[in-house]
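Engineer: To start, I am sharing the structure in question, which I have written as structure tokens.
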Amino acid sequence: MQHILLCGGSGTRLWPLSNKQTPKQLLPLFDGQSLLQLTWQRNAFACDSVLAIVNEQQVNTVVDQLHSSGAVHARWIAEPVGRNTAAAIALAAFIADPETILLITPADHLIGTPDIYAQTIFQAEKMAADNHLVTIGLQPAYPETGYGYIQYEGYDVVRFTEKPDLVTAEAMLNSGDYLWNSGIFCGKAGVLLGQLEQYAPAIYTAAAIAADEYLESGRIQPSTMEAIPADSIDYAVLEKSSIVKVVPSTMEWSDVGGYEALAEALAKHYQYSNNQAVFIQSDPVNSMVLGKDKLVALVGVENVVVVNTPEALLILQKGKGQEVKQLHQWVKENRPELL
């Protein structure tokens, strides 16, 4: 298999730690390693090579991180303009051998159970060898409204549902017939392109031109990239195709989509310590302080995340992590230099 590493995403809900120059997947928060590096290491057991699809402005950082973590032969495609996952995956498929199975993963997820993950990937690879597109579904732990869901029977996909409301999410959870959509999937490059040509011909045609340009010159012009219609691979192909299978998995997974998830991951898997902060009549177990450029003292407060950066100071009540996206929009409109 070849690992296709999708390095897009801005991590708006982790501002001010995450910004345009150093988005979520590049932050060295996990024992000095980034989510990007952990993702490559997690998949190296199954993949002969790695190809990163990366924002043009972040190429040097991505390549440096991959090389420093052992991926000395990593390749990359620099996108001058982001056009969502369907375009990125199409580019990777066009430059691969048609029979090569592509394992496509976001660069910003965290897996806490490597053994279960490996078993899941091996199972998906076998099904992909039989000319299926195979997505990984996760047993839902709670009625999350920010994820996509997959209704399934065995390994068959019944339907996809994007980001349901709370009532619908609760009904899905209680039915036992739904999985969270992990965003990880695999399939042969040729099979993927065939489905893309059938269900999203405009993306297929424009991406073919961009791939030819890349193979000829090593780069893609902004105008060529902009000509590719922007769409996710889920909408463009997976939700329409009749050859999609799903592998249910019990692996421990997080998209580290906010500060509560980050705090939980650091505390559970990385023995994170609040030693750089002072707690007076406050519980250091239920709060977290990130940033070390100056002393942070918490007096008489509980269940907060404090993010201390040179550009901004964020004090977040746990349970309000989704509101950081609203904060990010305010900063974008009023203080864009901080992004």
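The values are calculated or read from the model by the stated rules, or taken from the named source; none is laboratory data. Source: prediction; values computed, not measured. Cβ: placed from backbone, ideal geometry, glycine included. Neighbour counts: every protein chain shown. Accessible surface is based on the protein model in full, side chains and every heavy atom, while ligands, DNA and RNA are left aside. Shrake-Rupley method; radii C 1.70, N 1.55, O 1.52, S 1.80 Å.
Engineer: Quick one: L238 ticks every box in (1) closer than 27 Å to V54 by Cβ; (2) of a type in the set (A, V, I, L, M); (3) in contact with a helix residue (DSSP H, G or I) (Cβ under 8 Å, 6 or more places away or on another chain) bar one, so which box is it?
Structural biologist: With respect to (1) closer than 27 Å to V54 by Cβ; (2) of a type in the set (A, V, I, L, M); (3) in contact with a helix residue (DSSP H, G or I) (Cβ under 8 Å, 6 or more places away or on another chain), L238 is out only on (3).
Engineer: Would you confirm whether any residue within segment 131-147 is open to solvent by 30 Å² or more (accessible area, probe 1.4 Å), in contact with a Leu (Cβ under 6 Å, 6 or more places away or on another chain) and either on the phi > 0 side of the Ramachandran plot or touching a residue at least 24 places away in the same chain (Cβ under 8 Å) (or both)?
Structural biologist: Yes.
Engineer: A follow-up question, please. Search segment 182-197 for residues being open to solvent by 20 Å² or more (accessible area, probe 1.4 Å) and touching a residue at least 40 places away in the same chain (Cβ under 8 Å), and hand back the single one that is nearest to T224 (Cα to Cα).
Structural biologist: Going through segment 182-197, the residues open to solvent by 20 Å² or more (accessible area, probe 1.4 Å) turn out to be 183, 188, 190-191, 193-195, 197.
Still in the list and also touching a residue at least 40 places away in the same chain (Cβ under 8 Å): 183, 188, 190-191, 193, 195.
On the way: G183: 26, K188: 25, G190: 22, V191: 24, L193: 19, Q195: 22 Å.
Out of the qualifying residues, it is L193.
Engineer: For segment 116-128, which residues satisfy the criterion of being farther than 11 Å from A46 by Cα and either open to solvent by 50 Å² or more (accessible area, probe 1.4 Å) or out of contact with any strand residue (DSSP E or B) (no Cβ under 8 Å at 6 or more places or on another chain) (or both)?
Structural biologist: Passing the criteria: I116, Q123, K126.
Engineer: Being open to solvent by less than 40 Å² (accessible area, probe 1.4 Å), aliphatic (A, V, I, L, M) and over 26 Å from P28 (Cα atoms) is the requirement here; does A86 meet it? Explain how you work it out, then say what you get.
Structural biologist: Working: open to solvent by less than 40 Å² (accessible area, probe 1.4 Å): yes; aliphatic (A, V, I, L, M): yes; over 26 Å from P28 (Cα atoms): yes.
For A86, the condition - open to solvent by less than 40 Å² (accessible area, probe 1.4 Å), aliphatic (A, V, I, L, M) and over 26 Å from P28 (Cα atoms) - is met.
Engineer: Just to confirm my filter: which strands (runs of 3 or more DSSP E) fall fully inside segment 274-320 and include at least 3 residues that are not β-branched (V, I, T)? Reasoning before the result, please.
Structural biologist: Working: elements: 277-280, 288-290, 296-299, 304-308, 313-317.
Result: 313-317.
Engineer: Against the condition open to solvent by 40 Å² or more (accessible area, probe 1.4 Å), in contact (Cβ under 8 Å) with a residue 40 or more places away in the chain and out of contact with any Pro (no Cβ under 6 Å at 6 or more places or on another chain), how does P229 come out, does it pass? Lay out the reasoning, then the answer.
Structural biologist: Details: open to solvent by 40 Å² or more (accessible area, probe 1.4 Å): yes; in contact (Cβ under 8 Å) with a residue 40 or more places away in the chain: yes; out of contact with any Pro (no Cβ under 6 Å at 6 or more places or on another chain): yes.
Criteria met by P229.
Engineer: Moving on to the next point. Could you tell me whether segment 250-261 includes any residue that is in a strand (DSSP E or B) and of a type outside the set (V, I, T)? First the steps, then the outcome.
Structural biologist: Here is the first cut: in segment 250-261, the residues in a strand (DSSP E or B) are 253-254.
Now narrow it down to the ones that are of a type outside the set (V, I, T): 253-254.
Taking every residue of segment 250-261 in turn, at least one turns out to be in a strand (DSSP E or B) and of a type outside the set (V, I, T).
Engineer: Then there's this: Taking V81 as the residue in question, decide whether it is assigned to a helix (DSSP H, G or I) and over 17 Å from the mean Cα position of the chain (by Cα).
Structural biologist: Values: assigned to a helix (DSSP H, G or I): no; over 17 Å from the mean Cα position of the chain (by Cα): yes.
For V81, the condition - assigned to a helix (DSSP H, G or I) and over 17 Å from the mean Cα position of the chain (by Cα) - is not met.
Engineer: So which residues in segment 3-46 are open to solvent by 10 Å² or more (accessible area, probe 1.4 Å) and part of a helix (DSSP H, G or I)?
Structural biologist: The answer is T12, R13, K24, Q37, L38, W40, Q41, R42.
Engineer: In the list S282, S287, S249, S241, which residue meets the criterion of being hydroxyl-bearing (S, T, Y), open to solvent by less than 70 Å² (accessible area, probe 1.4 Å), in contact with a Phe, Trp or Tyr (Cβ under 9 Å, 6 or more places away or on another chain) and not assigned by the TED database to the domain that holds G176?
Structural biologist: On the way: S282 fails: in contact with a Phe, Trp or Tyr (Cβ under 9 Å, 6 or more places away or on another chain); S249 fails: not assigned by the TED database to the domain that holds G176; S241 fails: not assigned by the TED database to the domain that holds G176.
After applying the criteria, what remains is S287.
Engineer: Inspect all residues belonging to segment 89-103 and state whether any of them is open to solvent by 30 Å² or more (accessible area, probe 1.4 Å), at pLDDT 95 or above, assigned to a helix (DSSP H, G or I) and farther than 28 Å from P336 by Cβ. It would help to see each step written out before you state the result.
Structural biologist: Within segment 89-103, the first condition is being open to solvent by 30 Å² or more (accessible area, probe 1.4 Å), and the residues that meet it are 94-95, 97-100.
Going one step further and asking which of them are at pLDDT 95 or above, we end up with 94-95, 97-100.
Among the residues that remain, those that are also assigned to a helix (DSSP H, G or I) are: 94.
With farther than 28 Å from P336 by Cβ added as a condition, the list becomes 94.
Yes - at least one qualifying residue is present in segment 89-103.
Engineer: Any residue in segment 218-233 that is over 30 Å from T161 (Cα atoms) and in contact with a strand residue (DSSP E or B) (Cβ under 8 Å, 6 or more places away or on another chain)?
Structural biologist: Start the filter on segment 218-233 by keeping residues that are over 30 Å from T161 (Cα atoms), which leaves 218-224.
From the residues that got through so far, the ones that are in contact with a strand residue (DSSP E or B) (Cβ under 8 Å, 6 or more places away or on another chain) too are 219-220.
Yes, there is a match, as at least one residue in segment 218-233 is over 30 Å from T161 (Cα atoms) and in contact with a strand residue (DSSP E or B) (Cβ under 8 Å, 6 or more places away or on another chain).
Engineer: Follow-up question, since we're still on this one. From the list I111, I116, pick out the single residue that is more than 25 Å from T12 (Cα to Cα) and in the same structural domain as Q33 (by the TED database).
Structural biologist: Values: I111 fails: more than 25 Å from T12 (Cα to Cα).
Exactly one residue qualifies, and that residue is I116.
Engineer: Mind checking whether some residue in segment 30-44 is at negative phi and modelled with pLDDT under 90? Can you show your working first?
Structural biologist: First, pick out the residues of segment 30-44 that are at negative phi: 30, 33-44.
Okay, now just the ones that are also modelled with pLDDT under 90, so 30.
Yes, there is a match, as at least one residue in segment 30-44 is at negative phi and modelled with pLDDT under 90.
Engineer: Check whether at least one residue in segment 48-70 is within 17 Å of A207 (Cβ to Cβ), touching an Asp or Glu at 6+ places or on another chain (Cβ under 9 Å), open to solvent by 20 Å² or more (accessible area, probe 1.4 Å) and of a type in the set (A, V, I, L, M, F, W, C), and report yes or no.
Structural biologist: Looking for residues that are within 17 Å of A207 (Cβ to Cβ), touching an Asp or Glu at 6+ places or on another chain (Cβ under 9 Å), open to solvent by 20 Å² or more (accessible area, probe 1.4 Å) and of a type in the set (A, V, I, L, M, F, W, C), one finds none in segment 48-70, hence no.
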